[in-house]
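Only one structure is covered here, and it is reproduced in the block below.
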Amino acid sequence: MTDTTNPLRAAGFLFDLDGVLVDSTAVVERHWRRLAASLGLDADRLLAGVHGRRSSDTIRSVTAHLPRLDVDALVADFERDEASDLDGVVALPGAAATLARLPAGRWAVVTSGTA
């Protein structure tokens with residue numbers, strides 16, 4: 001039920017992206033599982049700590065014991081590949097309609113994800 005007698009008033013709105021506006025779980029899990037396999041890591045254990053955390057921080061922490069690895073290149077490749085993969089990303093119900101009702105320039109997406 002919508003309460004139209006007391007509309008929400010604010011100068012602006014901030015939205016998290018994943019889990020609020022979109023669901024990208026399929027993409028996130030696919031790429032982390034691929035990375036885990038390439039590094040010989042347990043994918044389920046890795047996935048338990050990736051959500052809501054910057055991928056660069058996670059990758060640096062799980063590769064600290066691999067000194068010959070070019071971590072900067074690994075992070076760049078991972079973030080590029082994940083950001084370009086939209087297969088399975090879906091808008092959450094009501095997200096588009098909510099954003100369409102807000103004034104332009106009065107809302108933004110804030111996220112731990114890359115730009």
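The values are calculated or read from the model by the stated rules, or taken from the named source; none is laboratory data. Since the structure is predicted, the reported quantities are computational estimates derived from the model, not experimental observations. No Cβ is skipped: glycine too gets one built from the backbone with ideal geometry, and neighbour counts run over all protein chains shown. Accessible surface is based on the protein model in full, side chains and every heavy atom, while ligands, DNA and RNA are left aside. Shrake-Rupley method; radii C 1.70, N 1.55, O 1.52, S 1.80 Å.
Structural remarks
- Those residues of the stretch 48-72 which are assigned to a loop (DSSP other than H, G, I, E, B), farther than 18 Å from E29 by Cβ and open to solvent by 70 Å² or more (accessible area, probe 1.4 Å), in sequence order: A64, H65, P67, R68, D70
- Qualifying residue in the stretch 33-42 (condition: modelled with pLDDT of 95 or more and either open to solvent by less than 60 Å² (accessible area, probe 1.4 Å) or closer than 17 Å to A115 by Cβ (or both)): yes
- Any hit, the stretch 19-26, residues being of a type in the set (G, A, S) and either over 15 Å from the mean Cα position of the chain (by Cα) or in a helix (DSSP H, G or I) (or both): yes
- Condition check for V75: surrounded by 11 or more Cβ atoms within 10 Å (Cβ to Cβ) and over 16 Å from R34 (Cα atoms): no
- Number of residues in the stretch 78-107 that are touching a residue at least 60 places away in the same chain (Cβ under 8 Å), more than 15 Å from the chain's Cα centre (by Cα) and exposed (fewer than 14 other Cβ atoms within 10 Å of the Cβ): the value is 2.
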